[in-house]
Amino acid sequence: MDAAALRKQLARWYTRNARELPWRLTRDPYAIWISEIMLQQTRVAAVIPHYHRFLARFPDAAALARASEAEVLTAWSGLGYYSRARNLRKAAQTIASQGEFPSDYGTIRQLPGVGDYTAAAVASIAFGLPHAVVDGNVRRVIARLTNDGKADVQAIAGRLLDRRDPGRSNQALMELGALVCLPREPLCGVCPVARHCEARRHGSQADLPLKRPRAEVKRISVVLLVIRKRGKILLTQTDRVKGFWDLPEPFPGARASGGLGTFRHTIMNTQYVFEVKEAMIDRAPRGAKWWDESRLREIPLSTTAKKALRLLANAASPPALISP
Ligand code: SF4
């Protein structure tokens, strides 16, 4: 592979085709770090509004470090995988105690929740350091360019990196994977690096990268109870998403009545089917708490509770308890 020619063609293509994304308009390591953590498990279109809101609420590491865990989880609400938010807050506390954002790969990599990919992305994009990123897009592009499902992707990404502008070079390779070298139907006809691509030459694009065996999906049925009293609703903390308030499951003394409906929700490799029922009780169980229904927007409320309360709102058509 002629790495120099490939770099040049890729850079030219990126200049013409890069999407205008808000985190590409800044060199602020804090903002770039936030965007990279959000993008780990969430699509670009879904991240954009969250990114703006989160940065408006926590404009720098000091602001994030001062916030309570509940405040950070509430701001993260809707993005899922909440360990990311907890780690962000812990890492912000480390950064705040150090006085500034670390500017070398090794120190960035030591922040809670930061792996090889994120450290390389922040180091290269914010500080121009020569660290090649390897994410799913890069893995796929390199497997196809080399026609080798077992290629040493990190080493090849390092060879393809343009050391004069590593951040831009990294983003160009990821962008190629996101826009052209698509997982199912790569757009080889318009690919700027097609002439370097061994998979294209062999017609093996669809076989690469090698598929990993899928983790087994568990299916679990859960009943959630809507218990209300004089404008308040009973909520409990849940193990499904730690730090969040959720509707309680059946407990001794709870008398379930009308069913409000069902919905599905997937967390990691578990597919839940939730059945939502109204219920009455004489005494709240330990750990549960009555919350004013008008204040639910202010607390970290689980996605499952939001979905269940939407069923309640649809059944009764009262003013919505929560935002859509
Ligand atoms: Fe991907 Fe096709 Fe380009 Fe090869 S030619 S890198 S398979 S889009």
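Counting only residues that are more than 8 Å from the ligand (Cβ to nearest atom) and outside any loop (DSSP other than H, G, I, E, B), which one in the stretch 199-221 is most open to solvent (accessible area, probe 1.4 Å)?
Step by step, filter the stretch 199-221, then rank; the result is ARG219.
Being near the ligand (Cβ under 8 Å from one of its atoms), open to solvent by less than 30 Å² (accessible area, probe 1.4 Å) and either touching a helix residue (DSSP H, G or I) at 6+ places or on another chain (Cβ under 8 Å) or farther than 22 Å from LEU39 by Cα (or both) narrows it down to one residue among VAL141, VAL134; which is it?
Being near the ligand (Cβ under 8 Å from one of its atoms), open to solvent by less than 30 Å² (accessible area, probe 1.4 Å) and either touching a helix residue (DSSP H, G or I) at 6+ places or on another chain (Cβ under 8 Å) or farther than 22 Å from LEU39 by Cα (or both) holds for just one of VAL141, VAL134, which is VAL141.
I need a count of the residues in the stretch 173-185 that are near the ligand (Cβ under 9 Å from one of its atoms) and either open to solvent by 30 Å² or more (accessible area, probe 1.4 Å) or aliphatic (A, V, I, L, M) (or both).
Residues meeting the conditions: 3.
How many residues are within 16 Å of the ligand (Cβ to nearest atom) and either over 17 Å from ARG200 (Cβ atoms) or open to solvent by less than 40 Å² (accessible area, probe 1.4 Å) (or both) if we restrict to the stretch 147-166?
The number of residues fulfilling the criteria is 7.
Scan the helices (runs of 4 or more DSSP H) fully inside the stretch 102-178 and keep the ones with 2 or more residues being within 26 Å of ALA92 (Cβ to Cβ).
Answer list for the stretch 102-178: 105-109, 116-127.
Answer yes or no: is there a residue in the stretch 73-92 that is without any contact (Cβ under 8 Å) to a residue 12 or more places away in the chain, within 13 Å of TYR30 (Cα to Cα) and not small (Gly, Ala, Ser).
Checked against the condition, which is being without any contact (Cβ under 8 Å) to a residue 12 or more places away in the chain, within 13 Å of TYR30 (Cα to Cα) and not small (Gly, Ala, Ser), the stretch 73-92 yields no hits at all.
The values are calculated or read from the model by the stated rules, or taken from the named source; none is laboratory data. Note that the coordinates shown come from a computational prediction; the quantities given were computed from them, not determined experimentally. Quick reminder, even Gly has a Cβ in these numbers, built from the backbone with ideal geometry, and neighbours come from all protein chains shown. SASA here: full protein model, heavy atoms, side chains in, ligands and nucleic acids out. Shrake-Rupley method; radii C 1.70, N 1.55, O 1.52, S 1.80 Å.
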